[in-house]
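Working notes, structure below.
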Amino acid sequence: MASAPASDTTRSIDLKGRKVLVVDDDRMNLRILAGILRGEGYALIEGDSGERAMQLYAESSPDLVLLDVMLPGIDGFETCRRLKKAYGDDCAPVIFITAKNESDDVVEGLGAGGADYLPKPFKAKEVLARIRSHLQNRLLVEQQRSLVDQLSRANAAKNKFLGMAAHDLRNPLASIRGLAEFLRDGVAGPLTVDQKDLIATIHSASQSMLELVNELLDVATIEAGELKLQLEAQNLADVIAKSVSLTNLEAAKKQTRAHFTPAGPGPVLMIDAAKIRQVIDNLLSNAVKYSPPGSEIAVQLSTDASRGTCSFAVQDQGPGIPAGERDKLFKDFSRLSVRPTGGEKSTGLGLAICRKIVEAHRGTITAENLPSRGCEFRVTVPLQP
């Protein structure tokens, strides 16, 4: 349980005023430790039994406990166990005071939750070094927790702002896209060729921006822990079929087609159909984007009763996942070096959102390169909720 010497960096930390609870039924030991510690500016709290130690700890919330092993009533080991049980990870480090330096005591002290030990008779330099080391470590942990808490609050504020901005942008962007469609369809009168090109550009840009805003809103919702699934019994084959049908309308522009022929009626699962549709739509959209024009995209559905799972896969004919870039696939704003074959836009958020939706369904999503060419994305979810 011995601790390493403090570094020059940690020695510079000011520990004056830190509270040390010293528990020993021997008044001489208390006086010796008090003389050593008060010279360093520590605030001492003294107790003479395990029961008294529990009371003093609750009253003073010390930064460190020096605890004699042999005490009247409950001994030091049991006192330490009770402190650890009562205060958990927030419990101050406990250093045992013992006249023995035997391995059995060391092992029992570790098992009870102790952080170190001080042998009697006391050596002032050793006492101060051990106490300083543990107090510095505790202070560093407190600072780390404070930093994590600050970062968490900042992240929550970022997600709130992102969600508000995305929400406020969505309606005007939808209006711009709608008005562009209105003009493109000639409702406001005939257009010249140049005007049609401008309208098409406006429509394409607004559509891309609207997709980005929707994905930012999804990310903000998920990171804020507000992703709520509306679970209902749904036939997964029907959900996939609808996505494939709509994807083929857009894929026809690249002479690409997605094929899905379920082997049977398809499993009925408790899922959020809209969210699973979002996953399927994204995987199909990516398959169309990264496959060359005229490609065939295969969609498969299978059930593994022995494992209690079912899975669906989308297989494209694109370039696959470049070597060394697999770890980027499902991260926010990550993009691979490969580019869409038709100049389509990519935000780098789609697969990250898919992963989070699938994990919310207690499932997994994986990607593997196919033997010949292309890539397979596979989603596996449990048959039972």
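Considering only residues that are hydrophobic (A, V, I, L, M, F, W, C) and touching a helix residue (DSSP H, G or I) at 6+ places or on another chain (Cβ under 9 Å), look in segment 116-138 and name the one that is nearest to Lys19 (Cα to Cα). Result: Ile131. Only one of the numbered conditions (1) crowded, with 20+ Cβ neighbours inside 10 Å; (2) under 25 Å from the mean Cα position of the chain (by Cα) is violated by Leu269, and that is (2). Only one of the numbered conditions (1) without any contact (Cβ under 8 Å) to a residue 60 or more places away in the chain; (2) closer than 24 Å to Arg307 by Cα; (3) surrounded by 15 or more Cβ atoms within 10 Å (Cβ to Cβ) is not met by Phe330, and that is (2). Condition check for Gly342 on (1) surrounded by fewer than 16 Cβ atoms within 10 Å (Cβ to Cβ); (2) free of Cβ contacts under 8 Å to residues at least 24 places away in the same chain: one failure, at (2). Scanning segment 288-318 for residues that are surrounded by 18 or more Cβ atoms within 10 Å (Cβ to Cβ) and either in contact with a Cys (Cβ under 8 Å, 6 or more places away or on another chain) or of a type in the set (Phe, Trp, Tyr) (or both) turns up Tyr290, Leu301, Phe312, Gln315, Asp316, Gly318. Ile357: among the aliphatic types (A, V, I, L, M), at pLDDT below 95, crowded, with 18+ Cβ neighbours inside 10 Å and over 29 Å from Gln255 (Cα atoms), yes or no? Yes, satisfied. Does Glu181 fit the bill of being part of a helix (DSSP H, G or I), in contact with a Leu (Cβ under 7 Å, 6 or more places away or on another chain) and among the charged types (D, E, K, R)? Against the criterion (part of a helix (DSSP H, G or I), in contact with a Leu (Cβ under 7 Å, 6 or more places away or on another chain) and among the charged types (D, E, K, R)), Glu181 does not qualify.
Taken residue by residue, segment 239-248 has at least one member that is touching a residue at least 60 places away in the same chain (Cβ under 8 Å) and touching a strand residue (DSSP E or B) at 6+ places or on another chain (Cβ under 8 Å). Scanning segment 236-257 for residues that are closer than 24 Å to Arg355 by Cβ and either surrounded by 15 or more Cβ atoms within 10 Å (Cβ to Cβ) or of a type outside the set (D, E, K, R) (or both) returns Leu236, Ala237, Val239, Ile240, Ala241, Ser243, Val244, Leu246, Thr247, Ala251. Close Cβ contacts (under 8 Å, 6 or more residues apart or on different chains) running from residues in segment 28-42 that are closer than 12 Å to Asp68 by Cβ to residues that are surrounded by fewer than 18 Cβ atoms within 10 Å (Cβ to Cβ) and not acidic (Asp, Glu) comprise Asn29/Lys120; Asn29/Phe122; Leu33/Leu44; Leu33/Phe122. All of Tyr57, Tyr87 fail the test of being under 21 Å from Ala112 (Cα atoms), free of Cβ contacts under 8 Å to residues at least 60 places away in the same chain and in contact with a Cys (Cβ under 9 Å, 6 or more places away or on another chain), apart from Tyr57. Is it true that Ala129 is among the aliphatic types (A, V, I, L, M), touching a Pro at 6+ places or on another chain (Cβ under 9 Å), more than 30 Å from Glu226 (Cβ to Cβ) and in a loop (DSSP other than H, G, I, E, B)? No, not satisfied.
With the condition kept exactly as written, say whether any residue in segment 142-157 is touching a helix residue (DSSP H, G or I) at 6+ places or on another chain (Cβ under 6 Å) and surrounded by 11 or more Cβ atoms within 10 Å (Cβ to Cβ). Looking through segment 142-157, none of the residues is touching a helix residue (DSSP H, G or I) at 6+ places or on another chain (Cβ under 6 Å) and surrounded by 11 or more Cβ atoms within 10 Å (Cβ to Cβ). Here is the figure for segment 115-126: residues that are at pLDDT below 85 and not basic (Lys, Arg) total 5.
From the list Gly76, Gly109, the lone residue that is surrounded by 13 or more Cβ atoms within 10 Å (Cβ to Cβ), modelled with pLDDT under 90, within 12 Å of Asp24 (Cα to Cα) and of a type outside the set (Val, Ile, Thr) is Gly76. Assessment of segment 212-235 against the conditions (within 16 Å of Leu284 (Cα to Cα), among the aliphatic types (A, V, I, L, M), within 37 Å of the chain's Cα centre (by Cα) and not in a helix (DSSP H, G or I)) yields no matching residue. Screening Val94 on (1) within 36 Å of the chain's Cα centre (by Cα); (2) more than 14 Å from Val22 (Cβ to Cβ) shows it passes everything except condition (2).
The values are calculated or read from the model by the stated rules, or taken from the named source; none is laboratory data. Note that this is a predicted model, so its numbers are computed, not measured. Virtual Cβ from ideal backbone geometry, glycine too; neighbours counted across all protein chains shown.
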